[in-house]
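The values are calculated or read from the model by the stated rules, or taken from the named source; none is laboratory data. Because the structure is predicted, anything quoted here is derived from the model rather than measured. Methodologically, a virtual Cβ is constructed for each residue, glycine included, from the backbone with ideal geometry; neighbour enumeration extends over all protein chains shown. For the accessible areas, the whole protein counts, side chains as well, though only heavy atoms, and no ligand, DNA or RNA atoms are used. Shrake-Rupley method; radii C 1.70, N 1.55, O 1.52, S 1.80 Å.
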Amino acid sequence: MKVDYIIVGFGLSGLSIAEHLDNIGKTFMVYDSPLYSSSRVAGGVFNPVVLKRFTAPWNIEAFVDKAIPFYKNLAIKLGDENLVIDQPVLRRFNSIEEQNKWFEACDKPILKSFLSDVLWNYKENELNVPFKLGEVTNTGRIDLNNLLDSYILSLAQRNTYKKEKFQYDELERDSNSIKYKGVESSHLIFAEGHKVVENPYFNHLPVLGNKGEYIVIKSPKLKMNFIFKSSVFIIPLGNHMYKVGATFDRDDKSLNTTTKAQEEIKEKLSKVLNAEYEIMDQVAGIRPTVGDRKPIIGRHFEFSNLYVFNGMGSRGILTAPLSAQWLIDFIEFEKQI
């Protein structure tokens, strides 16, 4: 079997690569081990602002302009517009000084299109809101698991998806082609997330594993139609269910959930949530982060038909679509990244 590309890994990074290739008529085969995908654990929130300091991440305007239409078009293509939910993110202020800093941030040109200068009054007792709430626009949530499952189903129907761990020692390559388990390809893109540390071709890259854990709670008395941000995110999932987190741990690289993380989230939640709740689930994943918080994409320094697409970090939802286009434009059209 011959294809134009082999893609290794299928979280949001692999999906973004696959969709861009599909849009320009290129064929591909995906090898995926879903156990390791941090995308399936993430909160799914797309948020263009660093809400701890009210600052804009690098290149955020271009990422937002690409990402939101990308996912909405995907939802239409997959026949489920509920995969993308437009919802405001509301930031809880801890002091009048913090509220004033919000207004200062609203005046910055790069943040004007993302921060509203009209604050929300929240009067319900279920949340502890001592001041008003700041609204972030161009925000919402993606149902990541259903998005990935729907896309994988479409690939499986075309026989272009294999659910199996990639075996590096079975890869055969020369300057013109790549062969792997009976599949021949011109290019191979590794989009493995933090598992790149096990990749013999790209394990030298400074991709840092940063573990994050969420809990899923059920709270019938809490009625929210927005995403709430304090020291944790509270993300409505429907049917009185909410995803709460996340933690950050640079040392633990296991996928096991921990009591320590649960207690940390519960402690933070106790300061903002007055309603009773029941913990229904806890999940953990490893984010592929980079020190300068910029993605790592490009060609191997020695093997010209091997590429890497990694380091999307905690804002992968917004960064992956445009970054994928950069890589494909580099390979296919020789545009500089």
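At-a-glance table
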read-out: Summed residue charge, Cβ within 14 Å of S113's Cβ, Lys/Arg positive, Asp/Glu negative; value: -3
read-out: Entries in K26/K179; K72/K108; K66/K132; K179/K253 that, when Cα-Cα distance is taken, lie over 24 Å; value: K72/K108; K66/K132; K179/K253
read-out: Helix 12-23 vs. the chain, principal-axis angle (Cα, 0 to 90°, nearest 10); value: 60 degrees
read-out: Cβ-placed point charges (K, R +1; D, E -1), dipole of region 123-169 about Cα centre in debye, nearest 20; value: 140 debye
read-out: Relative contact order (%) - the chain, alpha-carbon pairs under 8 angstrom, separation at least six; value: 24 percent
read-out: Nearest-ten-degree value, helix 96-106 long axis tilted from longest Cα axis of the chain; value: 50 degrees
read-out: Cβ-based net charge around D281, under 12 Å, with every Lys or Arg adding one and every Asp or Glu removing one; value: 0
read-out: Most positive-pole-ward Cα, W102, F202, L78, against dipole of the chain from beta carbon charges; value: W102
read-out: Unit charges on C-beta of K, R, D, E only; dipole of region 38-158, Debye; value: 280 debye
read-out: Inter-site label distance for S95 and T137 at 7 Å from Cα along Cβ, in nm; value: 2.9 nm
read-out: Degrees separating the helix 144-157 axis from the principal Cα axis of the chain, which is the longest one; value: 20 degrees
read-out: Portion, in percent, of the accessible area of the chain that falls on carbon or sulfur, probe 1.4 Å; value: 46 percent
read-out: Residue-normalised accessible area of the chain, given per residue in Å² at a 1.4 Å probe; value: 47 Å²
read-out: Region 1-44: C-alpha gyration tensor shape, a/c 1.5 cut-off, then a/b vs b/c; value: oblate
read-out: Inter-probe distance in nm under a simple model that places probes 7 Å from Cα toward Cβ, at A275 and W120; value: 1.3 nm
read-out: Per-residue [θ]222 nm for the chain (sum of -39500 (n - 2.57) over DSSP H runs n ≥ 4, rounded to 500); value: -8500 deg cm²/dmol
read-out: Part-to-part distance (alpha-carbon centres) for region 19-92 and region 205-227, which is given in Å; value: 16 Å
read-out: Region 16-111: trypsin sites (Lys or Arg not before Pro) in DSSP loop, at most 10 other beta carbons within 10 Å; value: K52, R53
read-out: Set of aspartates and glutamates with alpha-carbon distance to K162 below 19 Å, sequence-local pairs under 8 removed; value: D4, E19, D22, D32, D149, E170, E172, E184, E192
read-out: Charge dipole (debye, nearest 20) of the chain; +1 at Cβ of Lys and Arg, -1 at Cβ of Asp and Glu; value: 520 debye
read-out: Subset of K163/K195; K218/K243; K243/K268 violating a 20 Å alpha-carbon distance limit; value: none
